[in-house]
Amino acid sequence: MLDFLFEYGMFLAKSVTVIVAVAIILILIAGLSRKSAGGPRLTVEKLNEKFREMADVLQAAMLNKSAWKKREKEEKKEKKQQEKAATTKDDHRKRIFVLDFKGDIRATGVANLREEITGIVAVATDKDEVVLRLENPGGAVHEHGLAASQLLRIKERGIPLTVIVDKIAASGGYLMACIADRIIAAPFAVIGSIGVIAQIPNFHRVLESKGVDFEQVTAGKYKRTVTMFGRNTDEDRAKLKEELEDVHALFKLLVARHRPDLDVEAIATGEHWYGTRALELGLIDELGTSDDVLMSAAPDADIFEISYRGKQTLQERLMSTFEASADRVALWVAEQQNRSRYR
């Protein structure tokens, strides 16, 4: 009997594995077919309408019929006035263009950011505003430097730029944030980390113990300094330290240029602070969240959320589809476990 149960259990496990594998393959194929159909595109969503619809759902549930009709009439009148104001080219109602940037170590979002900014600077004036909702823990210097340069394009055209940090803007993230005319952060958002770091594992002793030689031929004294596989010298380490100090000096110079009232030497220690403390130190200008800022601005401005999606490579489509599929499978497994637990 026990042998039968064991064999049955193994058969069931194999069957479930095959079914899940087939399901993942089908989901991948379906996802790839959907994503390959769409090319690069810029999308625009008016957030005023979104805020209004959310409020209407609650108001419809709370107001009586006559009060609801009165509210609808007032909203139509207000919308008509806004549309009329928008047709006047020289004196248009203020527009706020909202961008999102979620950073990673290689600042891969900069490819889409540059397209979004190109679209905005083609139509925005100094009466408008760009708001960047930034979430970025930092990463590679040159790539985050390019992201900061994209934001400079907005300022150079005289368009006010506001950066709002709900979670984190550290290291390369703050390199981007400091470009803004105004920085707003949530009380517990992580701000700062104005410093530079390089961490490199070294496998020289492991290779040496296995009798493996590592050969590296260079032209130029400092073409390579600290290496992963060769023997590192004090001179190599000193040169890398010199290079890091040079990058740190450039970082501090950029911060000082765009936030002249900030005591850069006091805060450029590599430390980070939460929003409340960052305000006291002058790293940010206000405390708040992106939701509050945008909802407060909605009565007096037209708010447009801008996003660009470029054409993905096959590898990127495969990875994003696989990640989404894995998330769905994990969610399904968790749901099945919970159902079994509470039966």
Distance histogram in 5 Å bins (all Cα pairs of the stretch 194-268, percent per bin):
3, 13, 18, 16, 14, 11, 9, 7, 5, 3, 1, 0
Sorted on mean Cβ neighbours within 10 Å (highest first), peptides 202-210, 290-298, 182-190, 166-174 come out as 166-174, 182-190, 290-298, 202-210
Listed pairs LYS46/LYS167; LYS80/LYS167; LYS167/LYS252 exceeding 26 Å between Cα atoms:
LYS80/LYS167
Efficiency by 1/(1 + (r/R0)^6): what FRET value for GLN199 and MET54, r their Cβ-Cβ distance, R0 = 56 Å, to the nearest 0.05?
0.80
Once you put a point 7 Å from the Cα of ILE19 and another 7 Å from the Cα of ASP104, both along the Cβ direction, what distance in nm separates them?
3.3
Which order do the peptides 112-123, 221-232 come out in when sorted by mean C-beta neighbours inside 10 angstrom, highest first?
112-123, 221-232
Violations at 25 Å Cα threshold for listed pairs LYS50/LYS73; LYS155/LYS241; LYS50/LYS70; LYS210/LYS241; LYS76/LYS155 -> LYS155/LYS241; LYS210/LYS241; LYS76/LYS155
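Values in this text are rule-based calculations from the coordinates and carry no lab data. Everything quoted here is computed from the prediction, not taken from an experiment. Every residue, glycine among them, receives a Cβ derived from its backbone with ideal geometry; neighbour counts consider all protein chains shown.
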